[in-house]
Every structure is written in C-alpha cells, then in structure tokens.
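Here is the structure we will look at.
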Amino acid sequence: MSAGSNLRSEDQFLCSICLGLFTDPVSTPCGHNFCKICISKHWDWTNSCQCPVCNKVLETRPLMEVNTFIKEMVAQFRHEAQQKTNSSSEQQAAEPGEVPCDVCTGPILKALKSCLVCLASYCQTHLEPHLTASRLKRHQLVDPVENLEDRMCLKHDKPLELFCKTDQTCVCSLCSVLDHKTHELVPLREEYEGKKAELRNTEAEVQQMIQKRQLKIQELRESMKTSKDAEDFIKHLEHEIFELMKRSSEVKQLSLSEDHLHLLQSFRSLKAAPPTKNWTEVRVHPPSYEGTVVRAVAQLEQNLREKIKKKLSEAELKRVQKSEVDLTLDPKTANSYLILSDDGKQVHCGDVKKNLPDNPERFSYAGCVLGTQSFSSGRFYFEVQVKEKTDWTLGVAREFINRKRDVSLSPNDGLWTVWLRNRNEYKALADPSVRLNLQPGPEKVGVFVDYEEGLVSFYDVDSAALIYSFTGCCFSQKLYPFFNPCPNIGGKNSAPLIICPVNQST
C-alpha cells in the first residue's frame, strides 16, 4: 500500500466516537464500525442500543465480536505508518529549540503544526487525522508552538478562549461566569482581529518615524558637516532608527501570527513604543548659538517627558478605576469617638466618647473604622475625599488585626497605609516608613488593590499621579478598607473623610 493510499484510506480506520484508530474493532448490524470499548460505553451511558452514526435503533443489544479483517487492516496501516516515520526520522528529527511531536514514540520528529483544541503538536504523519477526519478538520491548527499548557486557565484548567476587554486579559469559559461575569467579554478571534489592525497601524507609524529620522540625518549632514553638535545629533538619530527598526520587525512578526492567544498575550508587552524625541524643531546653528540650542533641546526633552508621563498616568488611573467598588463604613468597627453619616459614606472624629458596646469588631483604642465589605480575591478600588483635613490615614487592613490596643501601622501587623500629619507631612507606612514629597497634597485619594498580584497603590486622583505602591505583598486573609480621620485638633481637622463615587472622565 503506497503513502498516497494511506492518506486516502486512513479515515476508514478512525472510530467515530473516540476519533482514533480502531482498537478491537466491532461492527454493528447496520454496518458501522467502532472500537469495542467505545460502543459498549456509549450504550451504557445512553441506556439504549442506537447507532451513533445512522441513529438506527436496535431492538436488542447485540453480542459484539471483534472484526478480524478490520483489525488486521488497522495493524497493517499502523505498521506502514511507523515505517514511514522511521524512513523520514533523519530528515525531520526534532532538534534542540524545535517543537517536538507529542505523539511519536520512536524517534521524536519535529512538529509540523500545533492544535489549539487538542493542545498537542504533531509531525506530518500524526497530523493526518486532522487533515482527513471531518470532526478534526474543524480544529484550529497553527505553526508549532511550545508550552501549550500555558493556554490553559491556571484557576479552572480550561482552555483560554475568551478575551476580557475590562481587564485586558485572556480567560476561560468558567472565568466568564465567575470572576469576570460583569465584564465585557469577546471571543479571542474578535479581539485578535482588532489588535492585528492596531499592529498594522503601529507598523506604518514606526516606518514613518524611521523615514523622518533618515531625512533629518541627511539634513544635518548637508547643513553643517563639521559641527560637533551635528555629529551628536546624528548618532542619537541613528540609535533611534536602530531601535525603531527592531520594533518594526517585532510588530511585523507578531502581526503575521495566526495564533489568537499568542498575539493577544504578546500585544501588551509590545505596545509600549521605544523612547524617541521629536526632532521637528531641532536645528544646528553656528558655534555662537550652541548654548541656546542645548538649552532649547533640553527644554524640549523635559516638556515631552512631562507630557508623556501625564498621559501614561491618566491611562493608568482610568484602568484601575474600572475596578471601583461601592463601599460603606461598618459602624460595628468604629471607635466610640467617631461619628458616621447615616449613609455610611462619611466619618469624622467627635469630642465626646459615645456609650457603645465593646464588641470584638470595634477599635477600642485607635480612632479607626473599617469598610463593611471585605475582599479575598481579585481587584478593588475606591476614592476618598481628604480635602481641608490636616491629618488622616487611609489604606487596607487584614481581617485579624488587634483592635483592642494601639494599631501598629505597618505591613508586618497587617496594614498597608499612607498618612498625612501636621497638614503637609506625608508618609507611606512601609517597614521602614517612606517620606513622600506631595506638594500640593491631594484633595482626593484613590486606593487600588490587586489581591493575587500582592499590590496596594495610592493615587492623587485630581492630578492622576501615583503616590505610592506596596508591592510583593502576601495576602492570606480577607482585606478591609481602613479609615482613620484622626482627632479634631480644636476644630482644625473637623472635616470628614468622604467615600466618593468614581468619576472616570477625570
């Protein structure tokens, strides 16, 4: 039997239940063939004797005997396929760094394609069922890729087949109804097409940047070949062109990928452009103007850095604001000197201690209060108005902190906070604490937590600036929003802390 006949006849040897080559093939009275164990289990599960191919109902369950003719044909086919594998092993053997076939049991051959449904890679021989069997033809084949297990959701052990536009990450079908049920989700292919279009635009922009810099080099060389300034500018431009060409190559290579998941997972790390300057206004002048040119270029660079930093900060704040939660203050935890508003959104410190039950949840010594809501996974964000206050402390606290003595404001004791004291003294209460230079200080503070990432960040909402981040935190308990409005100080610090709704147009 020739190799060509193997390709034509292989579909005849595939069980329509398991889609693999027959094992102990048997035939039903209606003339269809299955693995003996497959048809037996099928009838056990369905509790009926119906052919899975033609749906013919059999009155009684037949005694299935192995079809020796088909069994011998399958054995011959296996033997010829193995011979074909052995004969091609020298030319196609997987080398270090190449993706190997996951099915080969003898010499391991180089994979020709990877299947994103089966999560396996196949050489030419073992790929044939995907090219000939009608059910397998619907599977998505891509160029060989490694680490197919990375395509499975680590939490639910299901394929990553959806894209969460809210969190900009790939998720599985269970994630879509659990952790991401309120988020905007689309199929991988839909987001893949959109990102691919962005990559094409990015590639065109990079090529335009390269051309502009090449023209600028030509202009500088022609205008003042002997100038030291021109030489420095040219070196800088040539370096930027080199970096842009690398970026263009990466963008083009990624845009050619047919692997939806790989493109989407690689897109975020690729998106940031290499550092470049705006060379439009840069000119080379005679030596007497050198000082002016240096100052102008330095000012231009500073302005560009500030604009880029502000744009990035605004984008980052908008991203975390999408994790907004609706908080209220928990009166059961409030110190007896604290006064809470009826809606549970405001708190300030009074001058008289109220007669309240000393329940386990209440802070007896420190003037603190927690949010009613707790969080043990995912991300959450809230904003607090601190306007007109001279002292305050904000952050998050783990569930089992000691509430009956003075609170030690440090991560070691389960609190991640920043504070203001004496109107202009800001600190992040890390271990050791970090003095913060915030002038002018914030009027509204945003607090963002990523539980799994171990991240607690504080933002000046009005300026969209990051105040401080605690990173590498290890959370093992529920987290609660933490508020301390601090004492009144004779009315100087009487303004309340106010939990505000997020204005994402800021």
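Here is the list for segment 409-487: GluC sites (Glu not before Pro) lying in DSSP coil, each with at most 10 other C-beta atoms within 10 angstrom of its C-beta, are Glu452.
Once the piece of chain linking Gln439 and Thr182 is laid out straight, how much longer is it, given 0.36 nm per residue of separation minus the C-alpha distance between them?
Here the segment from Gln439 to Thr182 would lengthen by 88.7 nm.
What separates the Cα centres of segment 108-143 and segment 356-434 is a distance of 56 Å. Each Lys and Arg contributes +1 and each Asp and Glu -1, all at the Cβ; summed about the Cα centre of segment 359-426, the dipole is approximately 60 debye.
Charge tally for Glu452 (other residues, Cβ to Cβ under 15 Å; Lys, Arg +1; Asp, Glu -1): -1.
Quick one: Kirkwood hydrodynamic radius for segment 399-506, alpha-carbon pairs, angstrom, one decimal?
The Cα-based Kirkwood calculation yields 15.3 Å.
For segment 34-84, applying the loop criterion from DSSP together with a ceiling of 12 other beta carbons within 10 Å to the trypsin sites (Lys or Arg not before Pro) yields no site.
Only the coordinates and a few stated rules stand behind these numbers; no lab work does. These numbers come from a predicted model, not from an experiment. Because the Cβ atoms are built from the backbone with ideal geometry, glycine has one as well, and the counts that use them run over all protein chains shown.
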